[in-house]
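The values are calculated or read from the model by the stated rules, or taken from the named source; none is laboratory data. A quick note: this is a predicted structure, and the numbers were derived from the prediction, not measured. Cβ sites come from the backbone with ideal geometry, for glycine too, and all protein chains shown count toward neighbours.
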């Protein structure tokens with residue numbers, strides 16, 4: 001597992017999101033780290049900041065397990081990150097997003113799923 005973790009990448013920086021009211025923002029990924037505090041499961045936390053025109057920036061995180069990463073659609077890490085980015089775009093368009101947001105994502109035969117979302 002250690003060798004895979006050193007080559008795993010995940011970056012959704014530059015993903016554009018739009019709130020239900022039409023407000024737009026751009027995601028900037030600040031970090032991608034292993035989550036060591038969840039009972040030994042191999043999981044990752046991505047810290048994000050969203051820059052919005054004329055409004056304060058907001059920040060939050062998303063979390064996924066190694067197993068979820070393996071199931072994400074895509075042939076490589078970039079395609080898997082893009083699949084998660086597309087899911088967040090659709091989620092924000094429907095639900096909006098507030099400072100302190102947190103997503104827990106997984107993947108199955110139907111693609112990326114948001115299992116938990118809080119803001």
Next item on the list: Quickly run through region 59-78 and pick out the residues that are under 20 Å from residue 34 (Cα atoms) and free of Cβ contacts under 8 Å to residues at least 40 places away in the same chain.
Entry: 67, 68, 70, 71, 76
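When you scan region 51-58, do you find a residue that is touching a residue at least 60 places away in the same chain (Cβ under 8 Å), within 19 Å of residue 22 (Cα to Cα) and surrounded by fewer than 19 Cβ atoms within 10 Å (Cβ to Cβ), even just one?
No, region 51-58 contains no residue that is touching a residue at least 60 places away in the same chain (Cβ under 8 Å), within 19 Å of residue 22 (Cα to Cα) and surrounded by fewer than 19 Cβ atoms within 10 Å (Cβ to Cβ).
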Notebook entry, point to check: How many residues does region 98-119 hold that are at pLDDT 90 or above, closer than 22 Å to residue 80 by Cα and part of a loop (DSSP other than H, G, I, E, B)?
Noted result: 0
Check: Given (1) surrounded by 12 or more Cβ atoms within 10 Å (Cβ to Cβ); (2) in a strand (DSSP E or B); (3) without any contact (Cβ under 8 Å) to a residue 40 or more places away in the chain, where does residue 31 come up short, assuming only one miss?
Finding: (1)
Next item on the list: Quickly run through region 81-111 and pick out the residues that are under 15 Å from residue 66 (Cα atoms) and in contact with a strand residue (DSSP E or B) (Cβ under 6 Å, 6 or more places away or on another chain).
Entry: 84, 104, 105, 106
Notebook entry, point to check: When residue 61 is evaluated against the numbered criteria (1) in a loop (DSSP other than H, G, I, E, B); (2) surrounded by 13 or more Cβ atoms within 10 Å (Cβ to Cβ); (3) at pLDDT 95 or above, which criterion, by number, is the only one it fails?
Noted result: (1)
